[in-house]
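Below is one structure; the comments refer to it alone.
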Amino acid sequence: MADPYQKCPCGCGRNLKHCASKKVLGELDHIFQAINGNQRISAIDQINRLLATEPESTLLLAIKARAQVELGEHDSLVETLNRFEELAPQSPTLKMLRAINLTGDDVDAALQTLLEGWENRENADEEMVGLALLIVAQSLLETDNAGAAYRLLSVISSSDDTVQRLQLAAAMQMREDSIFINMARQLQPPPPDHPLVTELEAIDHEIRQLLWLKADRKLKQLGEQHPEDPQVLRRIGVMLLLRNHPDAKEAWRRLAASSNFSENERLHAEIVANMSTTADDEWMMDILSVTYPVDNLDPVMEKIVSNPQFQSVGQNARPEGDDEPPPRGVYLLLDRGLPSEQSEIDQLQLDQVPCVLGELLVYGKQTDAPARLKVRTQAVNREKCESVLKSLVDELKPGESEVVGQAYKPDVETSLPLYLPPSIGLEQQERITREGHRKSLLELWPRAPHPALDGLTPAMAARDKTRRQTVNALVVMHETIDSNEHLDMEDYLTLRKSLGLPHEKITDVDWDKPVPLDQLARIPFESLTDEQLLIAVPEMLNFGARLSAAVLHEALKRPEVVKSQQLNLESYCVALAKESRAPVHAVQWMERAADVAEARGKSPAEHLIGMLLPAMISQQKETLERTMTRLTTKHINEPGVRESLMQFFQMIGFDPLQQAPSAAVSGQGGATEGGLWTPDGGGSAGGGSESGSGLWLPD
């Protein structure tokens, strides 16, 4: 039975006895029983009958709205909430319900509305508050705002599985965010002698308690009174960043320009400002799908098969979302043909390697559509693709174009989507891939216009003292976030020198203090002592795979560091293997993990098993055979090894009773095709050196 002295769920602050009539109180038990018995439609019918005689009952409207939320009745919920708002516009329960309703259309508005209700949450229905926090947090996670989601979830004192799952998801997503963004979200206590220490500590408490609107009001007032105070400016930046506010960029730009910050703090603020920037439409390039009708497809197919500018990737390799019948063929469209002789392929140099212009899907005639060629490419390559197609069709008919996506122009202009033939050797493949990445970094990137530089290129902006900090910030982002293991410190020092930025190696590091951001990638790890390496390894693992790999390479050379229980080098190696874009590098990291395990007296079997698939994809025949031999002769009787091997064989369509392990590498066992070097920084094609995807998509 409903307790007449319990708080009314409408959010008015009164108890039920003083908020509802006797008639409504008498019906509440029946309504709650229907809701708890999953008969919400029946409960809504009862509520509607009562509302006919008591149309101003906010209690009934609150219960009805919650039932509609649980039923997912969006349109009727809006009508109920509008009526609720007419009667009690400041109700915290209304705000929570409205926030839930807004998550499908505008997550930022949902968060703002939730925060408005949170300020008066003691009067709201406790269950509704928790439900709103969960739903809004989940929507924030879906829009990649893990920082705000984590803050919302942190105020829920519940051991509910859903809460714990979302908290874990938010924490994992924050780990994937840039280290610079995560650093910027953190609230550092103000110095004890700061004149505003009391006010700032109170604001920090309010931010942690989700009283963001209250903190906003105080920060606005402090910002007007102390416009240059770095502690105030930083908190304003944190608040805007947490809410993905469009003003976050300008707030962090102000921090970057503040003379009250250290050089390192200004550089960090500049990096965060750049990362908070949403690219305008002018900096985006359309990805097109262009369809060309063909009268007679058979001679066109003959020309495609014999033309080295078209490389088949199989019928099944086609874009996601393509709901047409299977094509007769899917091909990569290259800007030049490949040599026909293997001896010429073995001598390929970077400037001779073809680049991928787009993707060609060939469709035969259907009942409702003619035979056609469909090309998927970036807008900048459309004319080049048509030029190649004209070699196939005597009179190429005008193509019908459709925008199917967008790409970031600076990424397109600085990428080299190389196509390396499947028959190329691993050593040659690694050399060409490295040369390609160096060309992208040292030649293309400095000459590509960038939005953070107002359309100037880094090379041009570096000559302007007022823009040098921004150029330095962009380089630091490259150095520290980059996951490209084909580049090394010397490459970035060369880039820095060419731009007139600090480029000296840093050998005198005080590891008791934060390392300046523009020095992180200039530390030669071989110059560190074992004790310094033990500090440097976990520090560098916060950054991109390139820095992580560099410091781990050095750590694994030091016997005392390997033996140390202070570092979990085995897990670090596995993590880098999983993050690696190139299967050949994944094999190397899994092999190092196996070596560390053995050095510490553990079985390396799980890491050896982890080597098999990337070794097969990258066609490392000797490595695959050696690893298989180790597993079958030394570890086959260990728990799970035999089962894992059988799962691997089944996955690749390989029969160990009929074939040797090398058959999988040569393609006789159903091995997966290799991936391609994509414009967003993926790997070399054909030889299987990078991604496991068999298809290049211009995204």
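When the Karplus curve 6.51 cos²θ - 1.76 cosθ + 1.60 is applied with θ = phi - 60°, which whole-Hz ³J(HN,Hα) does each residue of region 231-236 get, with x for Gly and Pro?
Values per residue, Gly and Pro as x: 5, 5, 4, 5, 5, 4 Hz.
Apply 1/(1 + (r/R0)^6) to the Cβ-Cβ distance of Lys578 and Gln164, taking R0 = 22 Å, and write down the FRET efficiency to the nearest 0.05.
Calculated value: 0.35.
Once each part is reduced to its C-alpha centroid, what is the distance from region 41-70 to region 380-457 in angstrom?
That distance is 60 Å.
Can you tell which of Ser423, Ala615, Gln90 lies farthest toward the positive end of the dipole of the chain, using +1 and -1 charges on the Cβ of basic and acidic side chains (Lys, Arg; Asp, Glu)?
Of Ser423, Ala615, Gln90, it is Gln90.
Keeping all protein chains in place, calculate the accessible area per residue for region 69-160 (probe 1.4 angstrom), answer in Å².
On a per-residue basis, region 69-160 sits at 43 Å².
Take the solvent-accessible surface of the protein heavy atoms, probe 1.4 Å, and return the percent of it on region 453-538 that carbon and sulfur atoms account for.
Of the solvent-accessible surface of region 453-538, carbon and sulfur hold 51 percent.
How long is the gain from Lys384 to Ser259 if the chain were fully straight, where each residue apart is worth 0.36 nm and the alpha carbon distance is subtracted?
Gain on extension, Lys384 to Ser259, equals 40.0 nm.
Between Gln566 and Glu122, what is the spin-label point distance in nm, taking each point 7 Å from the Cα along the Cα→C-beta axis?
Reported label-point gap for Gln566 and Glu122 is 5.0 nm.
Measuring with a 1.4 Å probe in the full set of protein chains, what accessible area per residue, in whole Å², belongs to region 369-431?
I get 50 Å² per residue for region 369-431.
Using θ = phi - 60° and the Karplus relation 6.51 cos²θ - 1.76 cosθ + 1.60, list the HN-Hα couplings for region 84-94 in order, rounded to whole Hz, with x at every Gly or Pro.
Karplus values, whole Hz, x for Gly and Pro: 4, 5, 4, 8, 9, x, 9, 4, x, 5, 4.
For Lys22, give me every one of the lysines with a C-alpha distance below 24 angstrom, ignoring sequence neighbours fewer than eight places off in its own chain.
Correct list for Lys22: Lys7, Lys64.
What FRET efficiency comes out for Ser483 versus Arg328 if R0 is 41 angstrom and r is the Cβ-Cβ distance? Round to the nearest 0.05.
Once the sixth-power term is evaluated, E becomes 0.65.
List the lysines whose alpha-carbon lies under 23 Å from that of Lys465, not counting same-chain residues fewer than 8 positions away?
Output for Lys465: Lys249, Lys497, Lys505.
Leaving out ligands, DNA and RNA, what percent of the accessible area of region 568-662 is carbon and sulfur, probe 1.4 Å?
49 percent
Starting from the Cα of Ser423, move 7 Å in the Cα-to-Cβ direction to define the label point; list residues of region 324-353 whose amide nitrogen is under 12 Å from there.
Only 338-347 fall inside the zone, counting backbone N under 12 Å.
Using 0.36 nm per residue, how much length does the chain from Thr277 to Asn637 gain when fully extended, once their Cα-Cα distance is taken away?
Full extension from Thr277 to Asn637 adds 124.1 nm.
Sorted by average packing, counted as other Cβ atoms within 10 angstrom per residue and highest first, what order do 110-117, 142-149 take?
In descending order of packing, they fall as 110-117, 142-149.
Can you list the residues of region 534-568 with backbone N under 16 Å from a point 7 Å past the Cα of Glu490, pointing along Cα to Cβ?
550
Kindly provide the helix-only [θ] at 222 nm of the chain, computed as the sum of -39,500 (n - 2.57) over DSSP H runs of four or more divided by all residues, to the nearest 500 deg cm²/dmol?
-15500 deg cm²/dmol, from helical runs alone.
Between Gln188 and Leu350, how high is the FRET efficiency from 1/(1 + (r/R0)^6) when r is the Cβ-Cβ distance and R₀ = 60 Å? Nearest 0.05.
0.80
Which order do the peptides 525-535, 130-140 take when ranked by the mean count of other beta-carbon atoms within 10 Å per residue, highest first?
130-140, 525-535
Dipole of the chain, Cα-centred, from +1 at each Lys and Arg C-beta and -1 at each Asp and Glu C-beta, to the nearest 20 debye?
It works out to roughly 680 debye.
For region 248-389, give the percent of accessible area contributed by carbon and sulfur heavy atoms, probe 1.4 Å, rounded to a whole number.
43 percent
At 1.4 Å probe size, with no ligands or nucleic acids counted, give the accessible surface of His268 in Å², nearest ten.
Approximately 20 Å² for this residue.
Let me spell out the model: positive unit charges on the Cβ of Lys and Arg, negative unit charges on the Cβ of Asp and Glu, origin at the Cα centre of region 467-557. What dipole size does that give, in debye rounded to 20?
Roughly 480 debye for region 467-557.
Please compute the net charge surrounding Glu402, taking Lys and Arg as +1 and Asp and Glu as -1 over other residues with Cβ under 11 Å from its Cβ.
Summing Lys and Arg as +1 and Asp and Glu as -1 gives 0.
With no solvent and one point on each alpha carbon, what is the Debye value of log10 I(q)/I(0) for the chain at q = 0.05, 0.08, 0.10 Å⁻¹?
Each listed q maps to, in turn, -0.34, -0.85, -1.17.
The values are calculated or read from the model by the stated rules, or taken from the named source; none is laboratory data. These numbers come from a predicted model, not from an experiment. With ideal geometry, Cβ positions are generated from the backbone for all residues, glycine too; neighbour counts draw on all protein chains shown. To get the accessible areas, we keep the full protein, side chains included, count just its heavy atoms, and leave off ligands, DNA and RNA. Shrake-Rupley method; radii C 1.70, N 1.55, O 1.52, S 1.80 Å.
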